[in-house]
Amino acid sequence: MTSTTIAPPKVRQTKMLIGGQWRESQGGKSFATINPVNETVIAQVPDGNAADVDAAVKAARTAFESGPWHTMDARDRGRLMNKLADLMESNLDELAGLETLDNGKPISDSKAADLPLAVDCLRYYAGWADKLTGDTIPVRGNYFCYTRREPVGVAGQIIPWNFPILMAAWKWGPALAAGCTVVMKPAEQTPLSCLRMAELAQEAGFPDGVINVVTGDGKTGAAIVKHPGVDKIAFTGHYETAQKIMVDAAGTLKRLTFELGGKSPNVVFADADLDAAVAGAEFGLFFNQGQCCCAGSRLFVEQSIYEKFVEKVVARAKTRHLGDPFDTQTTQGPQVDHDQFTKIMSYIDKGKSEGAQCLTGGRRFGEKGFFIEPTVFGNVTDNMSIARDEIFGPVLSILPFKDANEIIERANSTYYGLAAAVWTRDVAKAHKFAASVRAGTVWINCYDVFDAAAPFGGFKMSGMGRECGEIALSNYTELKTVTMSLT
């Protein structure tokens, strides 16, 4: 593969979008968004406060209740969403560059995965905009009864830093198709691509107040959650933050959906295609520097092939190319920020101190930036910290197992339940595992396969509700029953 280094894009938009206007914070404060490659400041972004959130919510409420969004035909909403998707596609290189600049992910991933998936998601939901129908219901007596699916109202949306533009599309898509208006807070580590996406939404012709973006940290998100003018909260992130959101939202009984973390089991049986399973195990953990909620961080390998499989996984991990994410040959960039880097390194130290064998990696890479070598641990047991806690980094734990009966119990021995995978040529075994594992998504002989039409979300402490697919539209609609006397 020929190495080509792409120049980072110019940052065009750093202000907040509220009611169609680009603004600084009313408090006059800002924060720095940091380049994770060299730890330098990319730009200063407004630090939104409660007054900014209030202005955004009022703008969204006006657009929902009395603005042109309120009366716009559903097909016209879909047309605007398709136009935004077209603009994102025509500005793909710039948006992908902003994603890489702010987050640190390889430019090849931003261009080949994040942006195409985001564009596809918006187009998928654009097609749903005019298909939200109710039912005609036969009831006793001389009455005509039917249901309507109506937008829930103003949606507060809080997204994470690992897939900023894709998470924005996952949230905007169903909300806009349903007829809701949006107040979004992107992660403070990665606000730039979302702001540019909002600028393109303006260019597409979205009415003022339909999409509002308020930048800031946790206090900004809390102000959105607590605001009485917000009808629904959609949050992607850590379960501890979701617990706080539930408390803060209780006063107004907001509708809530959460897509949270995971400690996903990736199970390889002895009859699997080993080379395919090795490639899937490497991709399933190290993609996006291990910063995936559904990462296959618990790799269970049947005892009879354990040694051979571990050898192959370690060899493959050693081929990963760390470096400048704007180099097209790079397959692993830095972690998103210093806090994440420090957390991951602390778990690597825990793994070593608790008796796991570090087979490769385990060190910082380079002198500057938040790079961590791809790390693989063997001799891992279920009770070790690296096997139980979500590390959210390039740290793979490999655990042997004896048989199919044992692995179900061990796979389910976690308070998470986001995703799982199984590798086997035995169809019955594969589907028995899929039916038995407590996870919202199960991959069979593949990993990290996503589509806008396929629901995604978790069991247990991995979330509430589902993103993507038709089911996600129910997060943003209320069902109304209408009964008329025919007497």
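Probe radius 1.4 Å, ligands and nucleic acids ignored: give me the carbon and sulfur share of the accessible area of the chain as a rounded percent. Present the calculation step by step, with values, prior to reporting the outcome.
Values: 9830 of 19120 Å².
Taking all protein chains in place, the chain shows 51 percent carbon and sulfur surface.
Let me check against my output: what whole-number percent is the relative contact order of the chain, with C-alpha pairs under 8 Å and at least 6 apart? Mind showing how you got there, number by number?
Values: 1135 pairs, mean separation 92.5, N = 487.
Computed value for the chain: 19 percent relative contact order.
Write down the accessible area per residue of segment 297-434 in Å², having rolled a 1.4 Å probe over the full set of protein chains.
Value for segment 297-434: 42 Å² per residue.
Leaving ligands, DNA and RNA out of it, work out the accessible area of Arg79 with a 1.4 Å probe and give it in Å² to the nearest 10.
So the heavy atoms of Arg79 present about 130 Å² to solvent.
Once you charge only the Cβ atoms, +1 for Lys and Arg and -1 for Asp and Glu, what is the size of the charge dipole of the chain about its Cα centre, to the nearest 20 debye? Walk me through the numbers before you get to the answer.
On the way: 50 positive and 56 negative charges, 181 e Å.
Computed about the Cα centre, the dipole is about 880 debye.
Sum -39500 (n - 2.57) across every DSSP H segment of at least 4 residues in the chain, then divide by the residue count to get the 222 nm mean residue ellipticity, nearest 500. Please list the in-between numbers first.
Numbers: 15 runs with 172 residues, N = 487.
Mean residue ellipticity, 222 nm, calculated: -11000 deg cm²/dmol.
Show me the ranking of peptides 110-119, 162-171, 389-398 by mean Cβ neighbours inside 10 Å, starting with the highest. Could the numbers behind the result be given before it?
Values: 110-119: 21.2, 162-171: 26.8, 389-398: 25.0.
Taking the mean over residues of other Cβ atoms within 10 Å, the ranking is 162-171, 389-398, 110-119.
Take the eigenvalues of the Cα gyration tensor for segment 1-109, scale each by 5, and report the square roots as semi-axes in whole Å, largest first. Please report the intermediate quantities before stating the final value.
Working: eigenvalues 198, 108, 14 Å².
In descending order the semi-axes read 31, 23, 8 Å.
Calculate the length of the line joining the C-alpha centroid of segment 402-463 to that of segment 63-103, in whole Å.
Measuring centre to centre over Cα atoms gives 34 Å.
Can you tell me which of 410-420, 345-355 comes out highest on packing, and rank the rest after it, using the mean Cβ neighbours within 10 Å? Don't skip to the answer; put the middle values down first.
Details: 410-420: 22.1, 345-355: 16.1.
For the peptides 410-420, 345-355, the packing ranking is 410-420, 345-355.
Within the chain, which DSSP H helices have Cα atoms that stretch 20 Å or more along the helix axis and a mean Kyte-Doolittle hydropathy of at least 0.0? Write down the numbers at each step before the final one.
On the way: long enough: 50-65 (22 Å, 0.26); 74-90 (24 Å, -0.81); 164-178 (22 Å, 0.91); 338-353 (22 Å, -0.98).
Long hydrophobic helices here: 50-65, 164-178.
With all protein chains present and a 1.4 Å probe, how do Trp161, Trp443, Trp22 order by accessible area, largest first? All intermediate terms of the calculation are to be shown ahead of the outcome.
Details: Trp161 40, Trp443 15, Trp22 60 Å².
The ranking, largest first, comes out as Trp22, Trp161, Trp443.
Can you give the relative contact order of segment 189-282 as a percent, counting alpha carbon pairs under 8 Å and 6+ residues apart? Intermediate results must be reported in sequence, preceding the final value.
Working: 54 pairs, mean separation 19.8, N = 94.
Computed value for segment 189-282: 21 percent relative contact order.
The values are calculated or read from the model by the stated rules, or taken from the named source; none is laboratory data. Just so you know, these numbers come straight off a predicted model, no measurement behind them. Counting neighbours? That spans all protein chains shown, and the Cβs are built from the backbone with ideal geometry, glycine included. Accessible surface areas use protein heavy atoms only, side chains included; no ligands, DNA or RNA. Shrake-Rupley method; radii C 1.70, N 1.55, O 1.52, S 1.80 Å.
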